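Just below is one structure, and these are the notes that go with it.
The values are calculated or read from the model by the stated rules, or taken from the named source; none is laboratory data. Since this is a predicted model, take the numbers as computed values, not measurements. Positions of Cβ are generated from backbone atoms using ideal geometry, with glycine treated the same way; all protein chains shown enter the neighbour counts. Just so you know, the surface numbers come from the protein's heavy atoms only, side chains and all, with ligands and any DNA or RNA stripped out. Shrake-Rupley method; radii C 1.70, N 1.55, O 1.52, S 1.80 Å.
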Amino acid sequence: AQVMAGPYRSSDVSSEAKWVVHADLAQLRGTQVGGHLLEKMRSEVAQNKFAAFQAVFNFDPRKDLDGLTLYGYGKTKQKDGVLVAKGRFDGERLVTLVKANKTYESHRLGGLDVHSWVDEKEAGRAVVRGRDPKRSYGCVYANGIILISDSIDNVGKAIEVLAGRSASLQQENSLGLQPMSGGFLTAMAMTSQMKNVDPKSAILKRANSLSLSLGEQGGLMSGTLVLDAHDARAVTNLKKIVDGMIGLALLNEETKPAAAKLAEAATVQLTGTRLQITLAGSVEDMIKCAAKKMAEKSGTPTSP
């Protein structure tokens, strides 16, 4: 059956996942931020590129992608994640194209064909560096769902989860990974269970898990970050670090007014071992600020 869903679904994610990032592209397209991004993609150069892309793949990512869920197991920096993409794809066209790759290989997992290939650019870089090229693995799970990973094992696990033959976060969530609803971007991580967390990060060292949500409503962009600390002492230290970051942003109001404005509107709430930081600001102001920064990088003058 055709699957068209943008919101995060815990049933799509393995119960063994240590981190999850989800983008609700269907919701994003209906926001002011999404409208601004789409407008940027309507330039003549962008239109030509998307037209060429659509001619090859028979879908336009600007309107045909509804949701992207990326999750992993926190074991290594490479070959850890699997992408679950939902939208309106031409599965047959995609399979035909990947079969044309001279490095193509086929595998059978969970009753489905898993396709494997090496990107030509990746193959060239690998030769220069004297190493084996990185292979990619993909599977059309159903009409509207595609799985992609650098690990064939992760694709196989994802198939089992979607088929209901392996536990998902919806069924078994002993780690307590909880997404924050309502945003077009959500992320969560059990940082204490991840091996590749930066040991120098003052915040992540003290956090057991974190959840992030970004959304837009009534012309305001809002972001909420929830940090669950190991204990009362850790969460108290976390609050001191966050308060210090906010104070520093306020002190630099003259040089970084946008950051200071966000810091001024920030709210910090401490409950038990949980610290919640909420930021909100005008979407229009953020778009203008982003445009100004882009112009400064390119050397293009902007109107006041």
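List of remarks:
- Residue check, residue 155 of a type in the set (Val, Ile, Thr) and open to solvent by 30 Å² or more (accessible area, probe 1.4 Å): no
- Residue match in the stretch 80-95 (condition: in contact (Cβ under 8 Å) with a residue 40 or more places away in the chain, of a type in the set (Lys, Arg), open to solvent by 40 Å² or more (accessible area, probe 1.4 Å) and under 24 Å from residue 183 (Cα atoms)): yes
- Filter pass, residue 63 being open to solvent by less than 60 Å² (accessible area, probe 1.4 Å), touching a Leu at 6+ places or on another chain (Cβ under 9 Å) and of a type in the set (Lys, Arg): no
- Meeting the requirement of 1 or more residues that are closer than 29 Å to residue 60 by Cβ, over 20 Å from the mean Cα position of the chain (by Cα) and of a type outside the set (Lys, Arg), the strands (runs of 3 or more DSSP E) wholly within the stretch 105-156 are 105-109, 112-117, 136-142.
- Long-range neighbours under 6 Å by Cβ, at least six apart or interchain, first residue free of Cβ contacts under 8 Å to residues at least 40 places away in the same chain within the stretch 245-270, second open to solvent by less than 80 Å² (accessible area, probe 1.4 Å) and among the charged types (D, E, K, R): 270/239
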